[in-house]
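Engineer: Sharing a structure, written as structure tokens. Questions coming.
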Amino acid sequence: MLKKDNIFTISVFIVLLIIPILFDDFYINNISYFMIWTFISLGLALIWGMGGILSFGQTAFFGLAGYSFAIISINFSDIYAVGIWSPILALAITAIFGAIVGYFLFYGGIYDVFIGIVTLAITLVLETFMAQTAGPEWTVGNARLNGFNGMQGMPPIGIKIGEYKFDLQGIGQYYFIVFLAMFLLWLLYKIKKSNFGLILLASKEDRTRVESLGHNVKKIQMITFSLSALLAGVSGILYTNWGGYITPSSMGLIASAMPVIWVAASGKNDFFSVFFGCILLVYISQTLAVNGAQYAIILMGLILVIVTRYFPEGIILMLKKLLTNKFLSKK
Amino acid sequence: MNLLELNFVSKKFGGFTAVDNVSLKINRGDIRFIIGPNGAGKSTLFKMIIGVHNLNSGQVLFNNQNIEKLSLNERINLGIGVKFQAPSVFSELTVKENLILAIKSKFNDEIFSFLEKFGLEKDQDVLAGDLSHGKKQWLDIALSTISRPELVFLDEPTAGLSFEETKKTGKIIQDLNGEGVTFVIVEHNMEILKQIAKSVSVLHLGKLFFEGSPKEVLSNKEVTNIYLGIL
Amino acid sequence: MIILFNLFYQFGDALSFLLLAAIGLAVIFGMMKIINLAHGEFITIGAYGTVVSAKILKLPLPIAMAVGVLVTVIFGYILERIIIRHLYGRPLDSVVATWGISLIVSQSFLVIFGPSFEGLQTPLSNFQLGAYSYSQYRLLLILISISILILLYILFLKSNFGTLARATIENPKIASTLGVKVDKVYTVTFCIGSALAGLTGAIYAPTMTIVPSIGQAFIVSAFVTVVTAGASPFIGLIPAASFLSLIQTSVTFYYHATIGVLALLFSVILIIRFLPKGFSGLLIKLKK
């Protein structure tokens, strides 16, 4: 059934699908880059918008996945199909780490602001740790961690079958990201409509009442946290693959603020708004950063303050609702 | 056979003993009212049984199984239903979604029959937060009973309800009791007690003060005195 | 003996750092349940205020420090008026908003003052004990951190304002029906928190390289200490900071400063796992 508020989603994806016909590789690569960040944002929207749990440290999972992918790929570059199973293994590591952190948080009875602080502390410590690994003693197998400058030279995602070699780059990477985003958006909507999603939404209002209906809220929050870590990991791996490098600053204080800004400004309660708003905001940041990254960051900070103060629902979601009511409500 | 058995349970908050060595047995099929003046320990006792508060000492047996170490949701899944004092429905979910959450399956006939039983069939797609106070209470009771638990705790199910609404609530509880659900009800409202109680326990200052049939309790002078604040 | 003094010095240095890093954050969190994510930038403002008035206005150091604190308080006051007070009752949103402020401030400093700024000489001299050399100024910091705590304790637990403030925290609605100007209490509390953050920046300014991200050096320590202290930071702050600095000092002593920081985080994770209400929760429990 075609619902009217799906019209935006469908039109945006139609545009995304035909973009490669109209633009050259430079733009395609840039748009790929913008879309890479949507996954970490969707993960945050899942845990924050649906679960009411605000994690400030999603970048910890982003970085962990990126570094894991780099370390595994470099160490096992000779083994068959490393470009396929290395990202999958890195994702598994990230999801498990997410589950462990989630276990400590939710079974430890930590809630509200404290979750933000603990997750932020985790990402900052990871950053600090990676930044001091410049010395030659910091190697994992064949892979130098390389401190502040970060890791590079990892083989890309891809596979070689006989003569054919497929690397996830350029237009292939672009379509892979678009289809992955479509699939994950669909999956997130399914989760939202499922009993699992219902429990999550309800636990945002009253945790004890949900438990008193016989649901294991802690377990569900832990699983959700792990899923959101996984989504952050998808971004981390795609980012590492896209640029061929990963640095500690991707887990730093400024980097970890970005997903929160994108999600808050777009509208944390609607996955599509988050997807679309994230692309838009990363694009704006990139354009402004040409004149110096600090100006882009100041603007993002301003957006965050103004949105929380005046548009707590999120600007993209608000516009989407406005447009839906204006043009599509005559029935 | 006893469905629920409390053996010498106590709960202290700091230096204050809220529940003091209470022992209680609830038979299958009972509608037990727990009454007592404010501060008698009713709500604390109820929260200890379901696991919101830990016990300082004593035992809680449900179907002869020790449950005092289990978490809230684990106790519920043994076949216990709970309604807390203030109506706590999920205001951002629809009535139907609230019930789906409680029954742990997709929309089905059972949900529809409950909607009818509680007179909520026209409100199934309304957000629970937009319901009237009375309907919130009913939805809350529906949430605690729809998974067909053996034992249901209701904390003040008729608070804020009109006379007519109270009568209807009593009727619904009696119907469910007829279908085999045992009830433990914490109440202030004597009207519904007269209407449906099968047995009554009186708490006073954290201790079990009196136990008997509704008639015995209502005609007992000391119980009346407690309520009047003389004792 | 010398080794013992050395350990005491390291421990005291770590302890005063944690206490001073956390104190402003703890006051605002303890009284208003808001985590000020711009706390690090408040410290930055205090540090720059001090260094700029000492270097450019040529003010003597103590007065320069007072200017640093004053600038931070004014900034905190304006912020509370235009943003924070509109977000009371939405704790997560107020935290998010302060994060935006943090970004704006730190990057504005970068734009205005450039990536680094000529710092100040550490005042007072060093003294020698055995093979080690110690800074008198750092010893002074230990004293300062403890005196600040005592002053705060008196302010919040013994003074008239303290009673009003605690009543407001306990129940803002009842306090306001009793005639307490709740808004004012929050504003003053926020300003005290800002002043303390500014003071931390001011007194550490002569010991550090002045960069726009200087506040970040404090922020993790501050968070970690406040989280470990638990819901009532006034009770939990000293035991939390002592415990953490003990761990940090001993790990740093045997291994490495970064490992010390890692040990700090790891112990925090363990503490909140087993003492979810932090040290203040533990103390309250023991008291009963």
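Read the figures in this text as sums done on the coordinates, not as results from a lab. All of these numbers come straight from a predicted model, not from anything done at the bench. All Cβ positions, even for glycine, are placed from backbone atoms using ideal geometry, and neighbour counts span all protein chains on display.
Engineer: Could you compute the FRET efficiency for residue B:150 and residue B:213, with r as their C-beta to C-beta distance and R0 at 35 Å, rounded to 0.05?
Structural biologist: With a Förster radius of 35 Å, E is 0.95.
Engineer: Then there's this: Going by amide H atoms built from the backbone, whose H comes under 5 Å of the H on residue B:33, apart from near neighbours?
Structural biologist: Here the answer is B:185, B:198, B:199, B:200, B:201, since their amide H atoms fall under 5 Å of that of residue B:33.
Engineer: Other chains' Cβ within 10 Å of A:185-198 residues: what's the mean?
Structural biologist: Counting Cβ atoms of other protein chains within 10 Å of each residue's Cβ and averaging gives 1.
Engineer: Peptide B:11-21: average number of partner chain Cβ atoms within 10 Å per residue?
Structural biologist: Taking the mean over all residues of the peptide, I get 1.
Engineer: Then there's this: What is the distance, in nm, between label points placed 7 Å from the Cα along the Cα-to-Cβ direction at residue C:157 and at residue A:21?
Structural biologist: Roughly 7.4 nm, to one decimal.
Engineer: For peptide B:83-92, what's the mean number of Cβ atoms from other chains within 10 Å of each residue's Cβ?
Structural biologist: 3
Engineer: Show me, for the stretch A:227-232, the HN-Hα J-couplings you get by feeding each phi into the Karplus relation (A = 6.51, B = -1.76, C = 1.60, θ = phi - 60°), rounded to Hz, glycine and proline as x.
Structural biologist: Couplings: 4, 5, 5, 4, 5, 4 Hz.
Engineer: Output the peptides A:187-197, A:43-53, A:92-102 sorted from most to least packed, where packing is the average of other Cβ atoms within 10 Å over each peptide's residues.
Structural biologist: Per-residue Cβ counts within 10 Å, averaged per peptide and sorted highest first, yield A:43-53, A:92-102, A:187-197.
Engineer: Taking +1 at the Cβ of each Lys and Arg and -1 at the Cβ of each Asp and Glu, which of A:170, A:130, B:98 sits farthest along the dipole of the protein assembly as shown towards its positive end, judged by Cα position relative to the Cα centre?
Structural biologist: B:98
Engineer: Just order B:184-197, B:89-102 by mean Cβ neighbour count inside 10 Å, highest at the front, would you?
Structural biologist: Descending packing order for the listed peptides: B:89-102, B:184-197.
Engineer: Then there's this: From the phi of every residue in the stretch A:126-134, what ³J(HN,Hα) in whole Hz does the Karplus formula 6.51 cos²θ - 1.76 cosθ + 1.60 yield, where θ is phi - 60° and glycine or proline is x?
Structural biologist: In residue order, the calculated couplings are 4, 4, 4, 5, 5, 5, 9, 9, 5 Hz.
Engineer: Rg to Rh for the stretch C:19-58: what is it, with Cα atoms only and Rh by Kirkwood?
Structural biologist: 1.14
Engineer: Where Rh is the Kirkwood radius over the Cα pairs of the stretch A:141-272, the temperature 20 °C and the viscosity 1.002 mPa s, what D in µm²/s does Stokes-Einstein return?
Structural biologist: 119
Engineer: Across the stretch B:31-47, in residue order, what do the Karplus-derived ³J(HN,Hα) couplings come to in whole Hz, using 6.51 cos²θ - 1.76 cosθ + 1.60 with θ = phi - 60° and x for Gly and Pro?
Structural biologist: So the J values, rounded to whole Hz, are 10, 9, 9, 10, 10, x, x, 3, x, 6, x, 4, 5, 5, 4, 5, 6.
Engineer: Something else now. Dividing the Cα radius of gyration by the Kirkwood radius, what Rg/Rh value follows for chain B?
Structural biologist: Ratio of gyration radius to Kirkwood radius: 0.96.
Engineer: I've got another one for you. Considering amide H positions built from the backbone, and no H for Pro or chain starts, which residues 5 or more places from residue B:27, or on another chain, come under 5 Å of its amide H?
Structural biologist: Amide H neighbours of residue B:27: B:3.
Engineer: Find out how many positive minus negative residues lie around residue A:204, taking Lys and Arg as positive, Asp and Glu as negative, among other residues whose Cβ is under 12 Å from that of residue A:204.
Structural biologist: -1
Engineer: Pop the C-beta distance of residue B:66 and residue C:90 into the FRET formula with R0 = 51 Å and round what comes out to the nearest 0.05.
Structural biologist: 0.75
Engineer: Modelled label-to-label distance, residue C:246 and residue A:321, 7 Å Cα→beta-carbon offset: nm?
Structural biologist: 5.2
Engineer: With label points built 7 Å along Cα→Cβ from the Cα atoms of residue C:285 and residue B:221, find their separation and express it in nm.
Structural biologist: Placing both labels 7 Å beyond Cα along the Cβ direction yields 4.9 nm.
Engineer: State the extension gain, in nm to one decimal, for the chain segment bounded by residue B:85 and residue B:2, taking 0.36 nm per residue of separation less the distance between their alpha-carbons.
Structural biologist: Stretched fully, the residue B:85-residue B:2 segment lengthens by 27.3 nm.
Engineer: Would you be so kind as to identify which of C:42, C:132, B:119 lies farthest towards the positive end of the dipole of the protein assembly as shown, taking Lys and Arg as +1 and Asp and Glu as -1 on Cβ and the Cα centre as origin?
Structural biologist: B:119
Engineer: Please compute the alpha carbon radius of gyration of the stretch A:24-249, then divide it by the globular-protein estimate 2.2 N^0.38 Å. Two decimals is fine.
Structural biologist: Normalised Cα radius of gyration, the stretch A:24-249: 1.07.
Engineer: Over the Cα atoms of chain C, Rg to Rh with Kirkwood Rh, two decimal places?
Structural biologist: 0.97
Engineer: Let me understand the stretch A:242-327 better: what is its radius of gyration from the alpha carbons, and its Dmax, in angstrom?
Structural biologist: Values for the stretch A:242-327 (Cα only, Rg and Dmax): 14.0, 46 Å.
Engineer: Now a separate question. What order, most packed first, do the peptides A:81-88, C:275-282 have when packing is the mean number of other Cβ atoms within 10 Å of each residue?
Structural biologist: Answer by packing, highest mean first, reads C:275-282, A:81-88.
Engineer: Can you tell me what the convex hull of the Cα atoms of the protein assembly as shown projects to on average, as an area in nm²?
Structural biologist: If I average the Cα hull's projected area over directions, I get 43.1 nm².
Engineer: Under 13 Å from a point placed 7 Å out from the Cα of residue A:283 along the Cα-to-Cβ direction: which residues of the stretch A:181-207 have their backbone N that close?
Structural biologist: No residue passes the distance filter.
Engineer: May I pose another question? Add -39500 (n - 2.57) for each DSSP H run of 4 or more in chain C, then divide by its residues: what number comes out at 222 nm, to the nearest 500 deg cm²/dmol?
Structural biologist: Estimated from H runs of four or more residues: -26000 deg cm²/dmol.
Engineer: What is the sum of charges around residue B:186, taking Lys and Arg as +1, Asp and Glu as -1, for the other residues whose C-beta is under 9 Å from the C-beta of residue B:186?
Structural biologist: -2
Engineer: Express the Stokes-Einstein translational diffusion coefficient of the stretch C:149-288 in µm² s⁻¹, to the nearest whole number, given a Kirkwood radius over alpha-carbon pairs, 10 °C and a viscosity of 1.306 mPa s.
Structural biologist: So the translational diffusion coefficient is about 93 µm²/s.
Engineer: To continue, here is another question. What residues have an amide H closer than 5 Å to that of residue B:210, excluding those fewer than 5 places away on the same chain, when H is modeled at 1.01 Å from N in the peptide plane?
Structural biologist: B:202
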